[in-house]
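First the structure, in the form of structure tokens, and then the observations on it.
Values quoted throughout were computed directly from the atomic coordinates according to the rules given, and no laboratory measurement underlies them. These numbers were taken from a predicted model, which means no experiment stands behind them. So basically every Cβ, Gly included, is an ideal-geometry build from the backbone, and we count neighbours across all protein chains shown.
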Ligand code: GLU
């Protein structure tokens, strides 16, 4: 099997050691297998991303010794590809418009006495799932803003066996009913950006022929959604490798706001890539 990995950062801040770890794991995996490494810019969230960070992250990755082909795919240039995928799901009756605000969702959860809690927060209580098509269409026609959510139960009904995917660190993962209960009707087309991470990442991984997805454990649960979307859209399922997250001295996950831990700051302090690799436990 030929290997293609990718690193897919969002240019919404400076890269830190945690990003370096992820990028190097993907790069090392590709190199070890004589494969390709792709850099993709995940910048659909125009509220948070900008070109300046894109240039800076490329500088950081070049410093780490990574090489990639230019031009890189920038997701914001391909919103139509993602909208087409959403149209396909909507055409199959798997999406419904959701007009709820965050506040309304929390109020509804409180009224219901709670909701399962997934990696993305409390699960959507399904308020808008029961709106009739006419009601939804009328509210859209009246100019109300809306997201499109996946009707998870309807989607799962299309499949007779449980979803499985492969993780090189954790083995075969079977997505259980409990896992799905913690996911619920996720947003696939956001109110503001008219697409979503879940759709964009699945489309681009398929389009770019990514065979192995190397990324942090923080996205482990998202993979359940991704394999479902791959099946619904007729896309191949890659192999995954979710690695441990890099934490600071206090055991806290590194975040883009921790300025002192950025790669730029480390470089400035005179840290070499070899030293950084050693600190991250990544021998050459
Ligand atoms: N763009 C995502 C991030 O920066 C990574 C997505 C992925 O690796 O699937 O967190």
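Where only DSSP H runs of four or more residues are counted, the chain gives -11000 deg cm²/dmol as its mean residue ellipticity at 222 nm, each run worth -39500 (n - 2.57). Is segment 102-227 rounded, prolate or oblate when judged by the Cα gyration tensor, a ≥ b ≥ c being the square roots of its eigenvalues, rounded requiring a/c under 1.5 and prolate requiring a/b larger than b/c? Note, shape of segment 102-227 comes out prolate. Using equal-weight Cα scatterers in the Debye expression, the normalised intensity of segment 73-114 in log10 at q = 0.15, 0.23, 0.24, 0.30 Å⁻¹ is -0.62, -0.78, -0.79, -0.92. Hydrodynamic estimate: the Kirkwood radius of segment 203-284 over Cα pairs, inserted into Stokes-Einstein at 20 °C and 1.002 mPa s, corresponds to D of 140 µm²/s.
With Rg and the Kirkwood Rh both taken from Cα atoms, where does Rg over Rh land for the chain?
Numbers: Rg = 20.0 Å, Rh = 20.4 Å.
Checking Rg against Rh, the ratio lands at 0.98.
For segment 150-196, state the average projected area of the convex hull of the C-alpha atoms over all orientations, rounded to one decimal in nm². Show your work: numbers first, answer last.
Values: hull surface 17.9 nm².
Averaged projected hull area, Cα only: 4.5 nm².
Segment 186-218 and segment 68-87 have Cα centres lying 10 Å from one another.
Using the Kirkwood radius over Cα pairs, work out the Stokes-Einstein diffusion coefficient for segment 176-215 at 25 °C and 0.890 mPa s, in µm²/s as a whole number.
Working: Rh = 12.0 Å.
It diffuses with D of about 204 µm²/s by this estimate.
Distances longer than 15 Å among the Cα atoms of segment 169-237: what percent of all pairs is that? Walk me through the numbers before you get to the answer.
Details: 1351 of 2346 pairs.
Beyond 15 Å sits 58 percent of the P(r) for segment 169-237.
Return one number: the angle in degrees, 0 to 90 and rounded to the nearest 10, between the long axis of the Cα atoms of helix 51-63 and the longest principal axis of the Cα atoms of the chain. Around 40 degrees separate the two axes.
Round to the nearest 0.05 the FRET efficiency obtained for residue 194 and residue 275 when R0 = 35 Å and r is the Cβ-Cβ distance. My answer for the efficiency is 0.20. Full extension of the chain segment joining residue 220 with residue 83 gains 46.9 nm, where the gain is 0.36 nm per residue of separation less the Cα-Cα distance. Each residue, residue 153 and residue 168, gets one label point 7 Å from its Cα in the Cβ direction; the gap between the two is 4.0 nm.
Reported value for segment 13-149: 181 Å³ per residue, from the convex hull of its C-alpha atoms. Rounded, prolate or oblate: which one fits segment 5-92, using the alpha carbon gyration tensor with axes a ≥ b ≥ c (rounded when a/c is under 1.5, else prolate when a/b beats b/c, else oblate)? Oblate.
Once the mean 1/r over all distinct Cα pairs of segment 110-171 is inverted, what Kirkwood radius in angstroms do you read off?
Values: mean 1/r = 0.0658 Å⁻¹.
Across segment 110-171, the inverse of the average 1/r is 15.2 Å.
For the peptides 94-104, 152-162, what is the packing order when you average, over each peptide's residues, the other Cβ atoms within 10 Å and list the highest mean first?
Numbers: 94-104: 16.7, 152-162: 12.8.
Ranked from most to least packed, the peptides come out as 94-104, 152-162.
Between residue 130 and residue 70, the C-beta separation translates, for a Förster distance of 35 Å, into a calculated FRET efficiency of about 0.10.
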